[in-house]
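The values are calculated or read from the model by the stated rules, or taken from the named source; none is laboratory data. All values derive from a computational prediction rather than experimental measurement. Cβ: placed from backbone, ideal geometry, glycine included. Neighbour counts: every protein chain shown.
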Amino acid sequence: MKKIIAVLMAGMMTASVFAGCGGSGGSSGSSGSSASDTQSSADDGGAQVKDANLVDVSMFGEEDNISLKVWCAHKATGLVEKQIEEFKKAYPEKKFENIEVVAVGEGDAGTQMLNDASTAADVFSFASDQLNKLVGAKVIAPVAFTKAVTEMNAETTVEAGTLDGTLYAYPQTNDNGYYLVYDKSVVSEDKTGKLEDILAACKDAGKKFIFDSGNGFYSCTYAFTAGVKINGLEKDGVTQKFTEYDEEEAVKTLQAFSKLMHDYSGTYTSLDVAQIASGFSTGTLGAGIDGSWNTAADKDALKDNFGAAKLPTINVDGTDKQLVSLFGYKYIGVNAASKFPASAQILAYYLAGETCQQQRAEELGWGPSNKNVQQMDVVTKSDIQQAIKAQSENACVQVNIATTFWDPMANLGNKLIADKTDPSDADYFKKLLQETIANIRDEG
Amino acid sequence: MTYVEYKMLNPFQRFAYNFKRVLVSVPRAVGNFFKAIGKGIAKFFIGIVKGFKNYGVTFAKGDWATKLSYLIFGAGDLHKGKYYKGILFFLTEVLYILYITMFGWGYISKFGTLGTVETSMQKVNGIPKPVLGDNSMLILLYSVLTIVVTVVVFAIYIANIKDAYKHQVMKANGEKPTSLRTDIKEFLDGKYHITLLSFPVLMICVFNILPLLFMILIAFTNYDKQHMPPGTLFTWVGMENFKDLFNLVEGAKKGKTFVELTGWTLLWAVLATFTNYILGMIVALMINKKGIKFKGLWRTLFVIAIAVPQFVSLLLMNQMLQVNGAINVLLTQISHMFGGTETIEIQFLNSTTLMARATVVIVNIWVGIPYTILSMSGILMNIPEDLYESARIDGASPVKTFTAITLPYMIFVTTPQLITTFVGNINNFNVIYLLTGGGPSTEQYYQAGRTDILVTWLFKLSMDTQDYGLAAAIGILVFIVCATISLIVYNNSKSMKDEEAFS
C-alpha cells in the first residue's frame, strides 16, 4: 500500500513539475476541487506544506544563516516579534542570523517598496489597493504555496489577491473597512438604519456626526452609493475602470448627500477619523464613520454606550439607498528581490497562517481571512466583527485601484460639503462628477 | 535728468521716476543676460575648434614618441624621461579600458534604448524567483557615469598629448624634464590651489553633478507608474513631458495646472518674501529704537519661536486651524462672552482659495519674521552712529533719516539675502505641504490643490502617482526660473556693482 502511495506521490510531483513549466496558471480554478484539509499537498512544483502554519523544512533549500526584514503596522510590531520567535523555534535545523521587524504602515508599504525594492523588507504587510502597483512593477513575488493558501482563506480575499490567474500575496485580514460607530445614549439602536435619523438624533442632542469627506478612502462612498463603482483596471494596467451607471440617478444621489450636509451643517462635519475617539471621550460626538483599526480606541471612549453597525441608508427621491463603502483586505507579500526568497515565502506563510491570524484577532481585534478563525468565538461573538461583515456585503473591493483615484475622490467629498455648494444645482454636480471621473482616469 | 532736477521732484514723482527706470532696465538686463550666455557658448565653440587645430598641428610637428602618445597614453613622457607622469598616463588608459570592457560597455551600449529585455518570474523548487532583465534606471545611471568618466579620460588624453609635445620641445631646447620631487613641491607651493580643491571638486562631481545629470535626463523619458523598473522598462520620449506642461488646449489638465501653479508660486514667493522682510524690518526698528526698555527681552521673545522646529510649529498650526481646532474654539468663546450663541467654525484651510492662500501667507509671517528680526537687528546696530548724528545736526526728520540712511544701508546689505529668500520661497516646501497639504482640493488641476506650489506638486507627482518624468521636467523648469531671476537681480543690485559702498 505504502509503495502505491509513494509511486502516486512521485507521479503527482513530476506532473506538477511539468505543470510548472507551462506557467503558473490555474490557481483560482483549483479552489473548489479539493475539499480536504491542507496536509502535505504537493502543488506548485513540489511545495511541501505541513499544516496551516508551517511548511516542510526542505523548502528552505540551500538557504541558511538567514536574515530577513519584516514590515508590519506599528500596533502589530510587538506581536509579530513574538510570533517570529515561535517561527524560529519551529525550525531548529536552521540558523537565523537576524529577523528584523520594522513599523511601516500597510497604507505606505507599497509606495516604499516601489521607491527602492532592493533595500525594502523581504516580507511586508500591505493593503489590497496597492497590489496592482506592486505586480506591475514586479517587485512582489507570487505566492509559493498557492493551493494551501487558497484553501485556507476566504474566497473573496484570495480572489482579490489574484491577478491574471496568479496569487500574489498571502491574505492576512478581512476587515480593512469602515462602518458606523455611535454613542447609544445619543442615537438609539433602531435609528442606526437611516442616515437622516442618525443626523436628526445627533442634532437634537447638540452633538456632531463625523464623516471624513476630505479623504478619498471614505468619500468614495458618495460615488459608490451613487452607482459609480470601480471595476478593476483597463488593459494598460493603470487606468481605473468604472461600472456602467445612470448619470441622472448618480447626480440625484450626490445632491441628496449634499443636501443632508447642508441641512445639518454644524452637525455633519468632515474631520479626520482620529477625531472620532476624542470626540466620543469629550462628549461632543454622537456618531461617526470610523475604520476597524480605531475600534479599540472608540470602545475605550464610550465603554458600554459603544455601538457599531453597518453603514446606514440615504433617502434619494423616496427610496432608501444603502451606502456602499470601500472594503479591503490586508496581505502579506514577499519581495521579489529578496536575498532569501524561500525563507521569506515560508515566513510569510507562517505569519499569514491560522495561529498568527487567531492571535491577531484576539490581541489586536483584526478580522481574520482564515476560514477556521472566522468560525471562532473571537469573531462570531463580536458586534464589531459582525458589523464589519455586514458592511463587507455592501462594498466595493479595494483592489486594483489607480494611484490617481484618491485625490479626485477626496475633492468630490470636499465639494459636496463645501459651504458655497448649492445642493439644488444639478448641473454643477453633473459637471463635478464628470470632472472627477476624468481626473481619476487621467483623461486630459 | 540731472541730479538737481531729480532733487526738485516731490517724493511721488521720484518714486514714479525710479519705478520707470527699473521697468526700463529690466528688458536690458534680460537682454544682457542672454547676450552673456550667447557669448559664453560662442567662446566654447571657438575653444573646441582651436583644440582640434592644435590637435592636428601637434601631431604634424611631433616626433615618433609624441605621435605614439596619440594611441598609447604617456609614451612621449616615458621616452623623454618623465617616467612617473608617463606611468600615470598609461595606467589611466589601462584602467579606462578595463572599466569600459568589464562594466561600462554593458550599460552605455543600451543607452539609446534604455533596455529591451523585461524581467520575468521563474519557479525554482516551488519558490518563485525573478529572472532579471534590463533595468532602465541602472542603465541610465551607469551610462551617465560612463559618459562622465569618458569626458574626464578624454581631458587626460589631451593633457597627455600636450605634455608629450611640451617635453619634446624642452628636449630640443636641451632642457631636462623636472623631477617628481620638484613637481610635488610645486603642488605645495605655486599650484597649492589645485591640491586643496581637487578633493572637493571630485566630491561635487560625484554627489551633485552626476545625480543632477541623471535627473535632467529623466525628464526626457517616460519613467512613470506604467514604466517602473525593474519590472518594466522606460525609454526616451524627447520633449513629451514638456509638451504636456505647456499644453493649454481646453481640457488638458497638466498644462492648466502647471501654468496656474506657476502664477501662484511666483505670487507666493513675492508675498512671503516681502511681507517677512517689511514686517521684520518694522519690528526690528521698533525694538532698536532709543528709549525702548527691555530690548533683550523683546528680542528673546521673538527668537523663542525659532527654538521650536519649523515643521513642528507648522503641524501644530495645521491642527489649530481645523474647524474644531484651538482658533475656532477661542473665537467661539470670545463670541460667547459678548452674548453670541453660535459655534464658530471657520474653514481656514479647506474652503475658498483666497482664504487658504491668505492663511498660508499669514502663518508664514508668523514663522518667518523672527529670522528677519535677528538679521535686521544686527544690521541696524552696525550702522555708524555718526551718520545719524550729522543728519540730526542738519535738521533731518526721522522719516528722512530712515529713507536716506537706514533703508539704503539695509537694502544694500540684504539684497543677496533677499534673493536667496525669494528663491527659497519659490521652493518653500514645508510651509505649504505641512500646513495645507495643497488643499483646498479642486477638480480643475491634475493631482494638485489650490495652494500647491510647484515643488509640492512635484513631490506629489513623484511620491503619490510615480510620474517621475513629469516631475523631473517641472524640476528643470523651476531651476530655470530661479536661476534666471537670481542672476538678473543679483547682477543689477548695488551690492554687486558697488561693493565698496558703505565701507
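For A:Glu189, are the conditions met, namely being assigned by TED's automatic domain parsing to the domain that holds A:Glu362 and at pLDDT below 90?
Considered against the rule, which asks whether it is assigned by TED's automatic domain parsing to the domain that holds A:Glu362 and at pLDDT below 90, A:Glu189 comes out as no.
Taking residues in region B:133-156 that are within 17 Å of B:Ala219 (Cα to Cα), and partners anywhere that are among the basic types (Lys, Arg), the pairs with Cβ atoms closer than 9 Å and at least 6 places apart or on different chains are B:Ser136/B:Lys110; B:Ile139/B:Lys110; B:Ser143/B:Lys110. For the structure I just gave you, tell me whether B:Val152 is surrounded by 13 or more Cβ atoms within 10 Å (Cβ to Cβ), away from chain A (no Cβ under 14 Å), within 30 Å of B:Ala60 (Cβ to Cβ) and of a type in the set (A, V, I, L, M). So B:Val152 passes the test. Please verify whether A:Ala256 is modelled with pLDDT of 90 or more, within 18 Å of A:Ala205 (Cβ to Cβ) and more than 13 Å from chain B (Cβ to nearest Cβ), treating the condition exactly as stated. No. Restricting attention to region B:330-352 and to residues that are away from chain A (no Cβ under 11 Å) and surrounded by 14 or more Cβ atoms within 10 Å (Cβ to Cβ), the residue that is nearest to the chain's Cα centre (by Cα) turns out to be B:Phe348.
Candidates in region A:389-405 are the residues that are of a type in the set (Gly, Ala, Ser) and more than 11 Å from the chain's Cα centre (by Cα); of these, the one that is farthest from B:Thr442 (Cα to Cα) is A:Ala390. Could you check region A:169-194 and list, in sequence order, the residues that are in contact (Cβ under 8 Å) with a residue 60 or more places away in the chain and not in a strand (DSSP E or B)? Scanning region A:169-194 gives A:Ala169, A:Gly177, A:Lys184, A:Ser185, A:Val186, A:Val187, A:Glu189, A:Thr192, A:Gly193.
Determine whether region B:95-104 contains at least one residue that is of a type outside the set (A, V, I, L, M), in the same structural domain as B:Asn135 (by TED's automatic domain parsing), within 29 Å of B:Lys176 (Cβ to Cβ) and without any contact (Cβ under 8 Å) to a residue 40 or more places away in the chain. For region B:95-104, residues of a type outside the set (A, V, I, L, M), in the same structural domain as B:Asn135 (by TED's automatic domain parsing), within 29 Å of B:Lys176 (Cβ to Cβ) and without any contact (Cβ under 8 Å) to a residue 40 or more places away in the chain: absent. Among residues of region B:130-149 being in contact with a Ser or Thr (Cβ under 9 Å, 6 or more places away or on another chain) and within 13 Å of chain A (Cβ to nearest Cβ), the one that is farthest from B:Ile108 (Cα to Cα) is B:Pro130.
Restricting to region A:143-168, name every residue that is of a type in the set (S, T, N, Q), part of a helix (DSSP H, G or I) and out of contact with any helix residue (DSSP H, G or I) (no Cβ under 6 Å at 6 or more places or on another chain). Within region A:143-168, A:Thr146, A:Thr156, A:Thr157 qualify.
When region B:224-251 is filtered for residues that are within 12 Å of another protein chain (Cβ to nearest Cβ) and in contact (Cβ under 8 Å) with a residue 60 or more places away in the chain, the ones remaining, listed by number, are B:Asp224, B:Lys225, B:His227, B:Met228, B:Pro229, B:Pro230, B:Gly231, B:Thr232, B:Leu233, B:Phe234, B:Asp244. Identify, by number, the condition in (1) within 30 Å of B:Tyr445 (Cα to Cα); (2) touching a Phe, Trp or Tyr at 6+ places or on another chain (Cβ under 6 Å) that A:Ala342 doesn't meet. For A:Ala342, the exception is condition (1). Residues in region A:259-287 that are within 30 Å of the chain's Cα centre (by Cα), more than 18 Å from A:Asn315 (Cα to Cα) and more than 12 Å from chain B (Cβ to nearest Cβ): A:Val273, A:Ala277, A:Phe280, A:Ser281, A:Gly286, A:Ala287. Each residue in region B:435-460 was checked for being crowded, with 17+ Cβ neighbours inside 10 Å, under 19 Å from B:Phe246 (Cβ atoms) and within 10 Å of chain A (Cβ to nearest Cβ), and 4 of them qualify.
If you go through region B:217-227 one residue at a time, do you hit one that is part of a helix (DSSP H, G or I) and modelled with pLDDT of 90 or more?
Initial filter on region B:217-227 (part of a helix (DSSP H, G or I)): B:217-218.
From what's left, modelled with pLDDT of 90 or more: B:217-218.
Within region B:217-227 (the criterion being part of a helix (DSSP H, G or I) and modelled with pLDDT of 90 or more), the answer is yes, since at least one residue qualifies.
From the set of residues in region A:147-167 that are hydroxyl-bearing (Ser, Thr, Tyr) and surrounded by fewer than 23 Cβ atoms within 10 Å (Cβ to Cβ), which is farthest from the other protein chains (Cβ to nearest Cβ)?
In this case the residue turns out to be A:Thr156.
Can you confirm whether B:Val201 is exposed (fewer than 15 other Cβ atoms within 10 Å of the Cβ), within 22 Å of the chain's Cα centre (by Cα) and assigned by TED's automatic domain parsing to the domain that holds B:His79? Taking the combined requirement at face value, the residue satisfies it. The residue that is farthest from B:Arg450 (Cα to Cα), counting only those in region A:400-443 that are small (Gly, Ala, Ser) and at the interface with chain B (Cβ under 10 Å from one of its Cβ atoms), is A:Ala402.
Residues that are within 10 Å of chain B (Cβ to nearest Cβ) and within 19 Å of A:Leu347 (Cα to Cα) within region A:104-125 comprise A:Ala117, A:Ser118, listed in sequence order.
All of (1) over 15 Å from A:Ala390 (Cβ atoms); (2) in contact with a helix residue (DSSP H, G or I) (Cβ under 6 Å, 6 or more places away or on another chain); (3) surrounded by 24 or more Cβ atoms within 10 Å (Cβ to Cβ) hold for A:Val181 with one exception: (1).
The set of residues in region A:104-139 being among the polar types (S, T, N, Q) and part of a helix (DSSP H, G or I) consists of A:Thr111, A:Gln112, A:Asn115, A:Ser118, A:Thr119, A:Ser128, A:Gln130, A:Asn132. Just to be sure, is B:Lys129 farther than 30 Å from A:Phe340 by Cα, basic (Lys, Arg) and in the same structural domain as B:Gln168 (by TED's automatic domain parsing)? Answer is no for this residue. Residues that are exposed (fewer than 15 other Cβ atoms within 10 Å of the Cβ) and in a loop (DSSP other than H, G, I, E, B) were ranked within region B:104-117; the one that is nearest to the other protein chains (Cβ to nearest Cβ) is B:Val117.
The set of residues from region B:64-94 being hydroxyl-bearing (Ser, Thr, Tyr) and either within 19 Å of B:Val149 (Cβ to Cβ) or outside the structural domain of B:Lys176 (by TED's automatic domain parsing) (or both) comprises just one member, B:Thr92.
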